[in-house]
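**Q** I am attaching a structure below and will ask some questions about it afterwards.
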Amino acid sequence: MKPRHKRLTIVAVVVLVLGAAVALILNAFQSNLVFFFSPSQISRHEAPEGRTFRLGGLVVAGSVKRWRGSEFPGNGHGTGRAGAL
């Protein structure tokens, strides 16, 4: 094999390996992303049904009421875990 063909083969293999690595990384990002959806998007059924998503939006002032003793289970921050977040 000529040096020119050998170099071309090495470059092709490196490009293929890098392409496979990028594809795997992008696939991992896509499957682990959690998107925010507004309440109006959820009511229009635009949120995914088989995936986890977060509800985003603004809270109207005075619409959240707290009662005495109304804390989340765990450490009071809604995580259910002890220690720093």
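The values are calculated or read from the model by the stated rules, or taken from the named source; none is laboratory data. The structure displayed is predicted, hence computed values, not measured ones. So basically every Cβ, Gly included, is an ideal-geometry build from the backbone, and we count neighbours across all protein chains shown.
**Q** Condition first: modelled with pLDDT under 85 and at positive phi. Can you find one or more residues in region 44-62 that meet it?
**A** Yes - at least one qualifying residue is present in region 44-62.
**Q** Residues of region 12-51 being among the β-branched types (Val, Ile, Thr) and loosely packed, with under 10 Cβ neighbours inside 10 Å, which ones?
**A** Of everything in region 12-51, just one residue is among the β-branched types (Val, Ile, Thr) and loosely packed, with under 10 Cβ neighbours inside 10 Å, namely 34.
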